[in-house]
Amino acid sequence: MADSVVAFLLEHLSQLLQRETNLLCGVEDQITSLRNELQIINIYLKTSSGNNNNNKEMEQLILSQIRDIAHVAEDVIDTFIANVAVYKRKNLLKRMLHSVGHAKLLHDVAEKIDKIKNTLKEINENKIKYYQDSSDQTREDGMKMQSLHILRSNVEVKDVVGFVHESEVVINRLIGEGSLHLNVVSIIGMGGLGKTTLARKIYNSDKVKKHFNCLAWVYVSNECRTKEILLGLLKHLMPNHEYEGRRNNNTKKGKKKHKELAQDLSSLSEGEMKETIRKCLELKKYLLVLDDLWNRQDWDAVKDAFPDGNKGSRVLITSRLKEIASHTSRDPPYYLQFLSEQKSWELFSKKVCRGEDYPCGLESLGKQMVKSCGGLPLSIVVLAGLLANKIKSHREWSKVVGHVNWYLTQNETQVKDVILKLSFDNLPSRLKPCFLYLGIFPEDHEICVRQLLQLWVAEGFIQETGSGSRDLEDVAEDYLYELIDRSLIQVAGVSDSGGVETCRIHDLLRDLCILESKEDKIFQVCNDNNILIPTKPRRLSIHSTMSHYVTSSTIDHSCVRSLFFSDPNCYISYKEWIWLTKAFKLVRVLNLEGNCCLKIPSNLGNFIHLRFPSLQVFEMRSLPIQNWKLANGSMTQLQTLNIWKCDMLDSLPSELWSLTTLRKIFVQEPSNAMTAFLQNLEVKNGPDLIVE
């Protein structure tokens, strides 16, 4: 994730140099030099992210060092801006009195930037000095991918139950009345859902075997090459072809010929392989299964090997990506759903008991754990396998209840690799931070899509488009739909116009996002279990009460850029507001959705970098709204303001309209007085005002 950190910092520095030249007097040259250095690093990161570097450990170390130094640079610049903004608020006399302190501030910043540049040079020198390709790493990665494929196949093929209705639907698409031309049918769903199982059930069904006189199966994978796909198909097709041509050969001679044939096939060029496949299939009604297809290019490279003999032949594809289905066929894909509670329990019982009677008195605990799996077959099978090796007692199973996802995400289960790694590694770099960001929301939470898009923009995840003409939230919406099409986000609610209104992710994916984000220092989720662990996060999502967190936390908040409180019943006292403005001086995103306070605090303007405040105010008795004013220089980065359910709020401060970065103001469920105020409001060349 170092590439997104550096890309955001580059954008931040570029905007800073354009917009705040008066603030940077004295350090402008250093910041320009730092930006140039980071531009070179950014090009390197983009190049390295697209390469299959063999020395993965060295590559990860370099990326980690670049990310950390980019964070340091961001802290130096943001702290400097905050201090200068405070200095600018002073009157002329106070500025003169503090001129020495300001000069020292400029000197310190210049020194820190020089130190950062030297560190970046050291990282580059060490990379050149120690970086070496490692063929051993390549072999190790290959063996790991092979073991993941074995685990995935074992779980999906041998253990998943049901799919009676699902297989009937897909078989009907394959053999039902339809065009005699070659057609493609796709099965789409997230990792671990059982796509391979369903495809194998269909492939082995008597109906399919009777309908097609030639069947072949090839596992594609994300790392597969065109020649490997073609060779896999040939190994299925050619043995039958050879047997028909040499049915009189003896067994030993046949085995020898088979071995020689395999060697001969590997030596063929791609063109020769395609021609051989076409000859094997041209007079047959065939079914080919391409299991786990990831790239459109792979399909484009092999499709001309499949002849259309107008005999009703079919290709069955399994994939996690909707774009694969759209690219290979005009027909809509079959979307595989999660298992029902009944089917989930049936699968769990079958695996954990291994043919024996279900343990007496453990059904309630078992069903609680199965529910935590959210209908995902891979999770259920792995969990059942773990419990099958434990003593079947209430005491042992009680240890697992409430911690199911923790057990599932341990390295030895490989669930993280099967479900997340394959999908995550295949994501474009622009989508990775957007996806991992979903882990900040509470478990089973329906996420408001509009709010999510605003947050992505505020966090800097949405890069400027080439022309600059598109609204960033429109670009963010494209990102959302792409993640949905990749089976990583589930649609939870749809608006009357047909757009996605709310979304969610599977709880296991959420936990995996939290693990991955912790490693890459993207965000940290703080709850009652880890509240005493001292850390220094960049983004902090607090799943605890405000009062308990304030009194108990040992976290260093000096670098926090985004703060989320998820307690819906939280009341923010005056002292807690003071704590917030002092402890989180560099915060950009402040999301207190669902939190209650008696007033909008006047010191909200102390958040210099604030981009996304979300306030929910139920009463305004102690502070009349006309006293809510924003001082000059306050919240210069503010982009979006959400004001929800402000029953006592009757107007908006005039200072809002002078904020040049403010793009949108949302007012939801306004009071009658506020409604009248908004109707009479005239705003020219200001932010969009949306009232709901």
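The values are calculated or read from the model by the stated rules, or taken from the named source; none is laboratory data. Just so you know, these numbers come straight off a predicted model, no measurement behind them. For neighbour counting, all protein chains shown are included, and Cβ atoms are generated from backbone atoms with ideal geometry for every residue, glycine included.
A few comments on the model shown:
- The listed residue being farther than 18 Å from ASP507 by Cβ, surrounded by 13 or more Cβ atoms within 10 Å (Cβ to Cβ) and under 23 Å from the mean Cα position of the chain (by Cα), out of LEU336, LEU362, LEU378: LEU336
- Residues being in contact with a His (Cβ under 7 Å, 6 or more places away or on another chain), touching a residue at least 24 places away in the same chain (Cβ under 8 Å) and buried (at least 18 other Cβ atoms within 10 Å of the Cβ) are entirely absent from region 196-214.
- All of (1) surrounded by 13 or more Cβ atoms within 10 Å (Cβ to Cβ); (2) outside any loop (DSSP other than H, G, I, E, B) hold for SER651 with one exception: (2).
- Those residues of region 210-234 which are among the small types (Gly, Ala, Ser) and either modelled with pLDDT of 90 or more or in contact with a helix residue (DSSP H, G or I) (Cβ under 9 Å, 6 or more places away or on another chain) (or both), in sequence order: ALA216, SER221
- Given (1) at pLDDT below 90; (2) among the small types (Gly, Ala, Ser); (3) part of a helix (DSSP H, G or I), number of the condition GLY271 does not satisfy: (1)
- Hey, ARG504 more than 27 Å from GLN60 (Cα to Cα) and either of a type in the set (Lys, Arg) or surrounded by fewer than 15 Cβ atoms within 10 Å (Cβ to Cβ) (or both) or not: yes
- Every residue from region 425-435 that is of a type in the set (A, V, I, L, M, F, W, C) and surrounded by fewer than 21 Cβ atoms within 10 Å (Cβ to Cβ): LEU427, LEU431
- Here ASN685 meets the list (1) modelled with pLDDT under 85; (2) over 23 Å from GLU473 (Cα atoms) almost entirely, failing just condition (2).
- Residue match in region 531-542 (condition: buried (at least 19 other Cβ atoms within 10 Å of the Cβ), within 12 Å of the chain's Cα centre (by Cα) and within 14 Å of TYR437 (Cα to Cα)): no
- Residues (without any contact (Cβ under 8 Å) to a residue 12 or more places away in the chain and of a type in the set (A, V, I, L, M, F, W, C)) located in region 525-579: none
- Qualifying residue in region 444-467 (condition: surrounded by 20 or more Cβ atoms within 10 Å (Cβ to Cβ) and among the aromatic types (Phe, Trp, Tyr)): yes
- The set of residues in region 58-75 being among the small types (Gly, Ala, Ser) and buried (at least 19 other Cβ atoms within 10 Å of the Cβ) consists of ALA70, ALA73.
Yes/no per residue for (1) outside any helix (DSSP H, G or I); (2) touching a Ser or Thr at 6+ places or on another chain (Cβ under 7 Å); (3) surrounded by fewer than 22 Cβ atoms within 10 Å (Cβ to Cβ):
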| residue | (1), (2), (3) |
| --- | --- |
| LEU293 | yes, yes, no |
| ASP298 | no, yes, yes |
| GLU323 | no, no, yes |
| ARG330 | yes, no, yes |
| LEU347 | no, no, no |
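- Tally of residues being surrounded by 13 or more Cβ atoms within 10 Å (Cβ to Cβ) and modelled with pLDDT of 80 or more across region 553-575: 10
- Considering only residues in region 615-648 that are more than 25 Å from GLU459 (Cα to Cα) and not in a loop (DSSP other than H, G, I, E, B), the one that is modelled with the lowest pLDDT turns out to be GLN626.
- Residue match in region 283-290 (condition: closer than 30 Å to LEU480 by Cα and buried (at least 20 other Cβ atoms within 10 Å of the Cβ)): yes
- Of all residues in region 310-338, those being free of Cβ contacts under 8 Å to residues at least 40 places away in the same chain and under 18 Å from GLU482 (Cα atoms) number 3.
- Test: residue in region 471-488 that is surrounded by 14 or more Cβ atoms within 10 Å (Cβ to Cβ) and part of a strand (DSSP E or B): no
- Unique match (being buried (at least 18 other Cβ atoms within 10 Å of the Cβ), at pLDDT 85 or above, assigned to a helix (DSSP H, G or I) and of a type outside the set (Ser, Thr, Tyr)) among LEU383, LEU438, LEU420: LEU438
- Residue count for region 451-466, restricted to those that are of a type outside the set (Asp, Glu), in contact (Cβ under 8 Å) with a residue 60 or more places away in the chain and within 26 Å of THR545 (Cα to Cα): 4
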